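Novice: Mind having a look at this structure? Questions to follow.
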Amino acid sequence: MDAMRERVIDCDPELFAKNFNQLPHGVQHNLSANPLFQLPALAELAQRLVARERPHHSSGDIHIHEGTTSISTFGVRELAKMRVSELVTNIEQGQTWVILKHIEREPGYKEVFENCIRDLMQLAGKQLLKQVKWFEASLFITSPNRVTDYHIDRECSWLLQIHGNKDMHLFDRSDKDVLPDEELEQYWTGNNLASAYKPQFESRAIVHHLRPGIGVHSPVNTPHWLKNGDNVSVSLSVNFQFLEGAWENLFRANHYLRRAGLTPSSPGKHPFADNAKRGTYTAIQDVQRLLKRQPRVSSKEARHQYHQIVKMLASR
């Protein structure tokens with residue numbers, strides 16, 4: 001019982017094993033009372049992210065979408081000398097969506113993140129580390145009643161609701177009516193907006209009613225959209241990205257086969273052919289990187305953090 005109480009993220013092991021990176025499913029967590037996730041602390045965190053000298057992303061590690069206007073970190077820096085902490089504090093009065101990226105680099109949040117990864121790796125099995133490119137944590141702070149548009153993500157994630165309520169509408173990515181192979185192929189070859197919402201299939205959505213202490217697992221490329229409740233929402237996304245050869249390169253290979261006039265089979269129908277296509281594309285990709293002397297993970301911070309996670313798991 002003591003070990004269970006110490007867990008940050010918990011889930012029925014059978015449910016996890018059955019649905020991990022296949023279908024969305026619920027989890028529980030104990031972060032809602034943690035003072036690190038109260039608005040004053042998050043305002044300070046946002047200010048620290050704005051001041052980062054070496055952000056993970058070239059556009060910075062904070063993204064603000066206010067009304068219909070999207071602002072990156074560097075755009076915000078030019079506005080009112082980065083009054084981002086005030087924006088977070090007053091988010092209840094706006095129509096604002098703030099994303100704080102790679103918060104695992106910050107003291108306090110780093111320890112929370114590592115404990116989350118520890119719990120997830122205990123459920124998934126540490127052998128999964130061989131397929132992971134990097135881990136990361138993002139925080140979403142959202143004004144009341146705001147809608148997050150339908151989209152798919154490249155990460156395997158767990159969205160943990162800390163404050164406020166929201167409804168998350170997720171779809172089965174294997175449903176080809178909802179998510180055709182062509183959309184996935186276009187997504188993985190550079191079109192981040194390739195997935196299109198199809199209202200005629202909304203009845204197929206798996207709706208999770210998120211509230212403090214409740215989270216949901218979203219497998220790679222799971223289509224979803226969200227509607228915030230009447231209060232400010234704070235949600236932590238704990239996620240990782242697989243190495244290209246584990247998932248995305250199969251869709252890239254199929255994309256180029258389709259462009260050549262062929263009709264590639266859907267992933268999963270012919271595993272041997274899937275492995276051959278994925279392996280060939282990955283080998284070509286590795287040779288190109290070797291010639292260009294490019295690492296698989298471009299960010300030094302991300303590479304360092306991955307190795308820190310591996311050491312942390314080995315010591316626990």
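Just so you know, all these numbers are worked out from the coordinates, no wet-lab data involved. Note that the structure is predicted; figures quoted are calculated from it, not measured. Neighbour counts run over all protein chains shown; Cβ positions are idealised from the backbone, glycine included.
Novice: Over all directions, how big on average is the projection of the convex hull of the alpha-carbon atoms in the chain, in square nanometres?
Specialist: Taking the Cα atoms of the chain, their convex hull projects to 17.6 nm² on average.
Novice: Could I ask something else about it? How far is helix 39-50 tilted, in degrees, relative to the longest principal axis of the Cα atoms in the chain, given as a value from 0 to 90 rounded to the nearest 10?
Specialist: 60
Novice: Is it possible to state the helix-based mean residue ellipticity at 222 nm for the chain, with each DSSP H run of 4+ residues giving -39500 (n - 2.57), the sum divided by total residues, to the nearest 500 deg cm²/dmol? What is it?
Specialist: -10500 deg cm²/dmol
Novice: If every alpha-carbon in the range 1-50 counts as one equal scatterer, what log10 I(q)/I(0) does Debye give at q = 0.29 1/Å?
Specialist: So the normalised log intensities are -1.03.
Novice: What distance in nm lies between label points placed 7 Å from Cα along the C-beta direction at residue 280 and residue 22?
Specialist: Using points 7 Å along Cα→Cβ, the separation is 2.9 nm.
Novice: Please give the charge dipole size of the chain, origin at the Cα centre, charges +1 on K and R Cβ atoms and -1 on D and E Cβ atoms. Round to the nearest 20 debye.
Specialist: For this selection, approximately 1120 debye.
Novice: Mind checking the angle between helix 109-124 and the chain's longest principal axis? C-alpha axes, 0 to 90 degrees, to the nearest 10.
Specialist: The angle comes out near 40 degrees.
Novice: Using only Cα atoms and rounding to the nearest 10 degrees, what angle (0 to 90) does helix 248-259 make with the longest principal axis of the chain?
Specialist: Helix 248-259 sits at roughly 50 degrees to that axis.
Novice: Now a separate question. Dividing the alpha-carbon Rg of the range 212-295 by 2.2 N^0.38 Å yields what?
Specialist: It is 1.54.
Novice: R0 = 22 Å: FRET efficiency of residue 177 with residue 131, Cβ-based, nearest 0.05?
Specialist: 0.15
Novice: Also, I was wondering about something else. I want to check the label-to-label distance for residue 47 and residue 30. Put each point 7 Å from Cα in the C-beta direction and report it in nm to one decimal.
Specialist: Roughly 3.1 nm, to one decimal.
Novice: Moving on to the next point. Please give the peptides 102-114, 266-278 ranked by average Cβ packing (other Cβ atoms within 10 Å per residue), highest first, as a rough proxy for protection.
Specialist: In decreasing order of mean packing, 102-114, 266-278 become 102-114, 266-278.
Novice: Okay, moving on. Stretched out fully, how many nm does the piece from residue 263 to residue 145 gain, at 0.36 nm a residue minus the Cα gap?
Specialist: Extra length available between residue 263 and residue 145 comes to 38.2 nm.
Novice: Quote to one decimal, in nm, the extra length available between residue 312 and residue 196 on full extension: 0.36 nm per residue of separation minus the C-alpha distance between them.
Specialist: 37.8 nm
Novice: For the range 251-295, what mean projected area does the convex hull of the alpha carbons give, in nm²?
Specialist: Here the figure is 3.5 nm², rounded to one decimal.
Novice: Now for a different question. Greater than 24 Å separation of Cα atoms is the criterion. Which listed pairs, 18/101; 101/133; 101/227; 130/227, meet it?
Specialist: Beyond 24 Å between Cα atoms: 18/101; 130/227.
Novice: Considering the dipole of the range 99-225 built from charges on the beta carbon (Lys and Arg +1, Asp and Glu -1) around the Cα centre, which of 145, 158, 121 is farthest to its positive end?
Specialist: 121
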